[in-house]
Amino acid sequence: MKSNYLPLFKEISFKSGVQLKNRIVMAPMTNFSSNEDGTVSDSELRYYERRSGGVGLVVTACVYVSRNGKGFQGEFGSDSDEMIDSLRALASTIKEKGAKAVLQIFHGGRECPPDLVPNGDVVSASAVASEQNPNVVPRALLDSEIEAIIRDFGETTRRAVAAGFDGVEIHGANGYLVQQFFSAHSNTREDRWGGSIDNRLRFPLAVVDEVKRAAAAHAQGPFLVGYRFSPEEATTPGITMEDTFRLVDELAKKDLDYLHVSLQEFWSMPRRGADETKSRIEWIQERAGHLVPIIGVGSIQTPDEAVKALDTGIQLIAIGRELIVEPDWVEKVAEGRESEIKTTLSKDDQDRLVVPTPLWQAIIHTPGWFPIGD
């Protein structure tokens, strides 16, 4: 291994006691490939097995905590105890290859397709459609329903413990329900769950508290809890960097193991609420990195780019698409074979890369997803 890559391979210990062998995380990526009943498919198990040998931590694709939270066709579930055996198979597959396994837990809210939720009853903080699904106007959740979904996050945490996962990551990013409550665009409520930023923070922080309560009640050993968030929204009104600073300040008080910043491009600059003297990730690291480890992500492809990202002071780097294209990315860097890392896809590569068919179809039919070679 080249000496300049050594920072990628330093061990790290979280507050919970969970330890990682290196600083490289497999980012959570939707794969659309679970069974119709919400159980993990054999093709998904093979996909994760192929990619869990080098990274220190695997964050799975998101699982829906409530039956009305399913956001994608082919998403696996954690909404009942019947799912524990399925989840156990996934956790075991990842851990047997040497990585720690974290289950990303989620509710899709207004982004759920009506045909995937009971009676087509799409719900959110308020009856405000998203820009992505302008024809689907969600129903505003009742207070009692909000409390029930918070409990569902705790119940899924209990199931993650029972299934053998090393932790959970609360999905508070990418416009899904947890973010919908925090955003002034999607949350126009006038009760305790909306209005002021204090009230819009109430649901995300209540989910954190419930997840941590469940982890403490059920985990017999180290069990980590992380939180993923998107730092800005393009809509007005919507989340700004100033709002995110407040969110980060509150999350930093919760003794979380890490904060995971969801970005398309690691070095992207702020839109509103912070000046452009620093990238979003640098602002967040300055604000909270001394209190809680930060995971950065966003179009990091080469080991040199990963080392440069760590130079910002963040503790961990998440890699997504590159691990689909090059499942041996970490091993090749560790063995001094970084020049052999694949950087393009061939349309004949599905079997070699062990990618489930629904994910493969999404890749090859999405322009610009990744360079297609010969």
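Projecting the Cα positions of Thr366, Ser262, Val63 onto the charge dipole of the chain (unit charges on Cβ atoms of Lys, Arg, Asp and Glu, taken about the Cα centre) puts Ser262 furthest along the positive direction.
Between Asn4 and Asp275, the simple spin-label model (points 7 angstrom out along Cα→Cβ) gives 3.1 nm. Per atom type, the range 246-372 shows carbon and sulfur on 46% of its accessible surface, probed at 1.4 Å. The dipole here belongs to the chain: it is taken about the Cα centre, uses +1 on the Cβ of Lys and Arg and -1 on the Cβ of Asp and Glu, and is about 680 debye. Considering only Ala234, Ile284, Leu205, and ranking their Cα positions along the charge dipole of the range 193-303 that arises from unit charges at the beta-carbon of Lys, Arg, Asp and Glu, the one farthest toward the positive end is Leu205. Comparing Ile341, Ile300, Ile364 in a Gaussian network model of the chain (Cα springs below 10 Å), the most mobile by mean-square fluctuation is Ile364.
Stokes-Einstein diffusion for the range 194-278 at 20 °C, viscosity 1.002 mPa s, with a Kirkwood radius from C-alpha pairs, works out to 149 µm²/s. Think of a 1.4 Å ball rolled over the protein heavy atoms: the range 237-299 then has 41 Å² of accessible area per residue. One chain, two ends: Ala216 and Glu131. Fully extended at 0.36 nm per residue, the span grows by 26.8 nm beyond their Cα-Cα distance. For the range 261-374, a crude dipole built from +1 on the beta carbon of Lys and Arg and -1 on the beta carbon of Asp and Glu, taken about the Cα centre, is about 520 debye to the nearest 20.
For the range 39-82, with all protein chains present and a 1.4 Å probe, just round the carbon and sulfur fraction of the accessible area to a whole percent.
The nonpolar share, carbon plus sulfur, comes to 40 percent.
Determine the alpha carbon to alpha carbon distance for each of Lys95/Lys254; Lys10/Lys70; Lys97/Lys332; Lys15/Lys100; Lys100/Lys212; Lys70/Lys212 and list only those over 25 Å. Result: Lys95/Lys254; Lys10/Lys70 exceed 25 Å.
Descending by average beta-carbon neighbour count within 10 Å, the peptides 267-275, 86-94 line up as 86-94, 267-275, the highest first. Highest average first, the peptides 9-22, 26-39, 60-73 ordered by how many other beta carbon atoms sit within 10 Å of their residues are 60-73, 26-39, 9-22.
Note that the chain, at 25 °C in a medium of 0.890 mPa s, gets a Stokes-Einstein diffusion coefficient of 118 µm²/s from its Kirkwood radius over C-alpha pairs.
Nonpolar atom fraction for the range 119-202, defined as the carbon and sulfur part of the 1.4 Å probe accessible area, stands at 45 percent.
Across the alpha-carbon atoms of the range 1-122, the computed radius of gyration and Dmax are 16.3, 57 angstrom. Calculated accessible area for the range 84-148 comes out at 42 Å² per residue, all protein chains present (probe 1.4 Å; ligands, DNA, RNA ignored). Of the residues His107, Ala129, Leu87, the one whose Cα sits farthest towards the positive end of the charge dipole of the range 87-131 is Leu87 (charges of +1 on Lys and Arg Cβ, -1 on Asp and Glu Cβ, taken about the Cα centre).
The values are calculated or read from the model by the stated rules, or taken from the named source; none is laboratory data. Computed from a predicted model, the values in this text were never measured in an experiment. Note that we place each Cβ from the backbone using ideal geometry, even for glycine, and neighbour counts take in every protein chain shown. For accessibility, only protein heavy atoms count, side chains too; no ligands or nucleic acids. Shrake-Rupley method; radii C 1.70, N 1.55, O 1.52, S 1.80 Å.
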